[in-house]
1. Would you mind putting B:88-100, B:172-184 in packing order, based on average other-beta-carbon counts within 10 Å, highest first?
2. Using a 7 Å offset from Cα along the direction of the beta-carbon, what are the separations from residue B:71 to the same position in each other copy, nm, ascending?
3. How big is the dipole moment of the protein assembly as shown about its Cα centre under a simple scheme where the beta carbon of each Lys and Arg is +1, that of each Asp and Glu is -1, and everything else is neutral? Debye, nearest 20, please.
4. Let me check against my output: what whole-number percent is the relative contact order of the range A:51-167, with C-alpha pairs under 8 Å and at least 6 apart?
5. Could you check how much of the accessible area of the range A:1-67 is carbon and sulfur, as a whole percent, using a 1.4 Å probe?
6. In the range B:144-191, what percent of the accessible surface is made up of carbon and sulfur (1.4 Å probe, ligands and nucleic acids excluded)?
7. Roll a 1.4 Å probe over the protein chains and send me the accessible area per residue for the protein assembly as shown in Å².
8. Per residue of chain B, what 222 nm ellipticity follows from adding -39500 (n - 2.57) for every DSSP H run with n ≥ 4, rounded to the nearest 500?
Protein chains: 2
Amino acid sequence: MSLTVVGSIAFDAVKTPFGERERMLGGSAVHFALSASFFTDVRVVGPVGDDFGEAEYEVLRGRGVNTDDIEHVEGGKTFFWKGEYEWNLNIRHTHDTQLNVFGEFEPKLSNASKAADLLFLANIQPDLQRQVREQCPNVRLAGLDSMNLWIETARESLVKTIGAVDLLFMNDDEVRMLTEQPTLLKAAQDIIAMGPRTVVVKQGEYGAALFDEEGFFALPAYPLEAVIDPTGAGDSFAGGFLGYLASLDEGEIDHGALRRAMTYGSVLASFNVEEFGVERVQRLTREEIEDRYADLRRMTAIEGVPAR
Amino acid sequence: MSLTVVGSIAFDAVKTPFGERERMLGGSAVHFALSASFFTDVRVVGPVGDDFGEAEYEVLRGRGVNTDDIEHVEGGKTFFWKGEYEWNLNIRHTHDTQLNVFGEFEPKLSNASKAADLLFLANIQPDLQRQVREQCPNVRLAGLDSMNLWIETARESLVKTIGAVDLLFMNDDEVRMLTEQPTLLKAAQDIIAMGPRTVVVKQGEYGAALFDEEGFFALPAYPLEAVIDPTGAGDSFAGGFLGYLASLDEGEIDHGALRRAMTYGSVLASFNVEEFGVERVQRLTREEIEDRYADLRRMTAIEGVPAR
């Protein structure tokens, strides 16, 4: 099935305890699309400026990503983010955010993008996300990401947008903040009551948990000796997740498929954080993905208790 | 096989957003022993004062725990801890610590306790833990718990003690603090280089991870709608873990058994936090434990990818 992602395309400046990059390709739609591209055809919708050149397009096209709906704004500059991570990589400081062309972004989807079977609304202002959702009435599965900023500044709109999707991706702090519930299980129940059939709670280095009417599934993050740059981990996760689902027939998307999607998401996120930006994913192979999938399966298997 | 635990026996005053208790039975050795008692015979070593009466002994004996080595200090008072948890139960404030008889504790093990096949050194000063370890030269498997206080104030002694055990239980922040490594995988490698064959990293509400020479295993915490009192969760985990191992023959303790031990540990911890202190575990049944074990197995199972 076809997959469209709407979100940011960016240049990132990132400093971590393990090095830094002054300017590299980033943005939620980019990380998502590259990860999803290992499983299915992806179309990216988002704005860029004059500074977005052939080299950047080539990273996406090199992985087969369709860039027809990347909107080039004449005279504009591409979204720019500068941040720094502490030794504890869970703690991140934003030093600079220049919205540039992203500040005026009004998503206009081509017919091809609107016709997608699966849609991912990466983390942007929830009114915009809902506008996109409304342009795609025939989507079979719509996923949504958001963040604390929108819970604080646009809660009502966000709740409405959540009600218009099938699958919510959010990190655990955000899920608690949104629902004011102390446990993830209660929080997920509240979110499911808002509309989505499935809630995926991202837990950073701890892994991820999935809640739906068939129950609970969780898996740890793939253990790495070194995490170099966590930027884009959540979007890579969502890209692996929805990319895998898009590779199935609609009738095959059952609870078991969602568990496999969680595992592929986790695998893609683990590769993403091994190097800066999209450096690792750019030269990733499907075989490496399958190897790590098999590893994760082995790492989480529990035997039954032998009869005594 | 037989199992001895050396640690604190306490009265706790605990306040959480969901209620409070002024004075209830607690302490690391108590939580550990009650959990382990579902699988094997346990002996508790630790000091109590005149305020520790028949009712408290009866909680332990009612679960078949051997209390012969509980040392009653005439004229003394039992260790007392008073603490409060925030809405985010990961954040705990200690309001009062009265060491009382625990301040003068010099563990003297009876021959029966020394003869244990498995030994758990609950979180006490590392010199004392090492003294106990040296009194039990024939132990087949020794486990150790510790905390940030001893990393800060008695690091050298703690590292020596870690070198004298087979299995270390510690939470993820502590493991990072001890090794100054940013990833758990690197931290675990450093700890294994100190001596233990196995490192179990407790991750609170996220679950737990195990590292040994055969690799990595992790599982999520059992999802609960309500967590009432997290006090003793780590010790209940260790009790379920080592209690299960003690129920096996020595030759059966392989990597698969350690995974099952992780799962039992997780199950016992999940029951422990459902109510205050030992209230839930006191009326727990083995059948409830097995049901939740089976649940956790189902909740973490990942299918292989169907051939397409």
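1. Details: B:88-100: 12.8, B:172-184: 19.1.
The densest-packed peptide leads the list: B:172-184, B:88-100.
2. For residue B:71, the other copies' label points sit at 7.6 nm, shortest first.
3. Working: 58 positive and 100 negative charges, 115 e Å.
Dipole size: approximately 560 debye.
4. Details: 129 pairs, mean separation 20.9, N = 117.
It comes to 18 percent, rounded to a whole number.
5. Numbers: 900 of 2060 Å².
For the range A:1-67, the apolar C and S fraction of the accessible surface comes to 44 percent.
6. Values: 880 of 1880 Å².
Ligands and nucleic acids excluded, carbon and sulfur reach 47 percent.
7. Working: 24090 Å² over 616 residues.
Ligands and nucleic acids excluded, the figure is 39 Å² per residue.
8. Values: 12 runs with 116 residues, N = 308.
Result for chain B, helices only: -11000 deg cm²/dmol.
The values are calculated or read from the model by the stated rules, or taken from the named source; none is laboratory data. Please read all numbers here as calculations on a predicted model, not as lab measurements. So basically every Cβ, Gly included, is an ideal-geometry build from the backbone, and we count neighbours across all protein chains shown. These area figures cover heavy atoms from the full protein model, side chains too; ligands, DNA and RNA do not enter into them. Shrake-Rupley method; radii C 1.70, N 1.55, O 1.52, S 1.80 Å.
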